[in-house]
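The values are calculated or read from the model by the stated rules, or taken from the named source; none is laboratory data. Values in this document were obtained by computation on a predicted structure and should not be read as measured data. Note that we place each Cβ from the backbone using ideal geometry, even for glycine, and neighbour counts take in every protein chain shown. Please note that ligands, DNA and RNA were not included when accessible areas were found on the heavy atoms of the full protein model with its side chains. Shrake-Rupley method; radii C 1.70, N 1.55, O 1.52, S 1.80 Å.
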Amino acid sequence: MSNSISRRRFLGTTAAVGAAALLPAQPARAASGEISVWKFGGTPQEVEVWAARNDAFSAAQPDIDLNYSYFNGQIRRQKILAGFQTNRLADVIIAFGQDIPEFAGFGMIQPLDEIAPDRVQGWKDRIVPEVFESGMHDGKLYALPTYVDMASFLAINLDALEEAGFDRPPETWDELREYAKAMTKPDRPGIAFPATTAPVDINIFEGLAYANGGRIFDEDTGKVTLNDPGVVDALQFYVDLIKDGSTPAATSLTETFFRDTAQLFGQGRSAMWIGLSWLNTPWGVNENIRWTGVPMPKPEAPTGSYEPVNAIMDGTAMLMVSSRSKNPEAALEYVDFWSQDEQLETWGGQPEIARIPAGKAAWDNAELKEAWPNWVKAYDAGTLFEGGAPMPRFIGVSAIESALGTAIQQAVLGQKTPQEALDEATVAAQGQIDLIRG
């Protein structure tokens, strides 16, 4: 487990249970009434299975009227903030772990360990500790994770690799540039990466920057660090791949977000692509393409001011209870339903294999072992999360990532050097942070 993710104990639970034992027994009250649920994002299979499991929840809880809505994950922050401001926020929000500090800081969600202390131990029993910790903020549990994604990873067309004379994946940034040039053909670039302003595209880039010892914000000093050498050199790496002639046109990269880039690879129209841990598993590849996925190669000599990390991770389907919930009892029944093994095994290959499962039981599934043998081997050895850290998460992350997205595009399009773009982004984002933090 990463040293940057501290373990915490829920001491209040035992005390609460002991106190309850002194009181007369009370009949359990079944939750009832209406709850609204907003889910943001998810793979096609996940979206389909989630809706089907909702039917199972309704069958098991006939007194609860479930009003479920699905939205694109990239609009979640705007949608949730607007719902909060207009007092029309759903009872349960299923969003990203990155959102927790902002949502908690603005009073939009409730600590689960305060409103459901009797359920916490059961959740901890069923969920991988490192993944469980991803729902924590300031010593409180604000969200229940169902899985995590990790950044960054590399998809490789094995036929293209062998045709170029290589017998193993690249291991460093320099090697990756060499491989990408050698694997480039007139009708097929050697590598593609997404560079739109979509949050996932920014997370993919952050994975490279953090591996290079960069950070986007220093919480100890309150300073934006977008122009740290670790971030600047990661962006220069993107620019160098373009200058090498190994990528699609720069304008295509800034208009083609992560799913489109995955499809380029899946259709054989790029030899490699940089993404999150799920790579092509949600969308598949053409039957005639042999491929593999590996952790993104690392820089030989990290240049950032901070400790390099092996990967950054975040859950993108984390259940939170709104502070505006009119029916928190029923909302907690819904959260607890998704903590059960039957639901969590969805991401253990029953049927989805695109995510790193939160449920301990999911790691025993044969389907997951067949799809990702190296994941399972590392999990069993206790090394899967070594050297990892959470994706950037703090109050103001939206403002900084927005500035970062603009800088990435400016550099990729050749409008500014990486240093110039990130210097300007740092100044702009610092102004926003100072306003937010007073």
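So the values come out like this:
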item: Cα centroid of region 228-261 to Cα centroid of region 323-397, whole Å; result: 30
item: Accessible surface of the chain [probe 1.4 Å, protein heavy atoms]: carbon and sulfur percent; result: 48
item: Rounded tilt (10° steps) of 397-412 against the dominant C-alpha axis of the chain; result: 20
item: Cα long-axis angle, helix 173-182 against the chain (0 to 90 degrees, to the nearest 10); result: 60
item: Identified option (computed Cα extents along the principal axes in Å; candidates (i) 69, 51, 39; (ii) 75, 51, 37; (iii) 73, 48, 44); result: (ii)
item: THR292-GLN78 FRET efficiency (beta carbon distance; Förster radius 30 Å; 0.05 resolution); result: 0.25
item: For region 257-352: relative contact order, % (alpha-carbon pairs under 8 angstrom, 6 or more apart); result: 16
item: Rel. contact order, % - alpha carbon contacts under 8 angstrom, at least six apart, region 92-212; result: 19
item: Filtered GluC sites (Glu not before Pro), region 158-233: DSSP coil and at most 15 other beta carbons within 10 Å; result: GLU171, GLU219
item: Local electrostatic count at THR196 - Lys and Arg +1, Asp and Glu -1, tallied over other residues with Cβ under 15 Å; result: -4
item: Lysine pairs meeting the criterion (Cα under 16 Å, 8 or more apart or interchain), as found in the chain; result: 9
item: Assigned charges on the beta-carbon of Lys, Arg, Asp, Glu; the chain dipole about Cα centre (debye); result: 640
item: Mean accessible surface per residue for the chain, computed with a 1.4 Å probe while every protein chain stays in place, in Å²; result: 41
item: GNM result for the chain, Cα springs below 10 Å: residue of ARG269, ARG168, ARG355 fluctuating most strongly; result: ARG168
item: Degrees, to the nearest 10: 328-337 long Cα axis against longest axis of the chain; result: 60
item: Quotient of Cα Rg and 2.2 N^0.38 Å for region 49-179, N being how many residues it contains; result: 1.48
item: Taking the chain and dividing mean pair separation by its residue count, relative contact order in percent (alpha carbons under 8 Å, at least six apart); result: 25
item: Computed helical MRE - 222 nm, the chain, DSSP H runs ≥ 4 contributing -39500 (n - 2.57), nearest 500; result: -12000 deg cm²/dmol
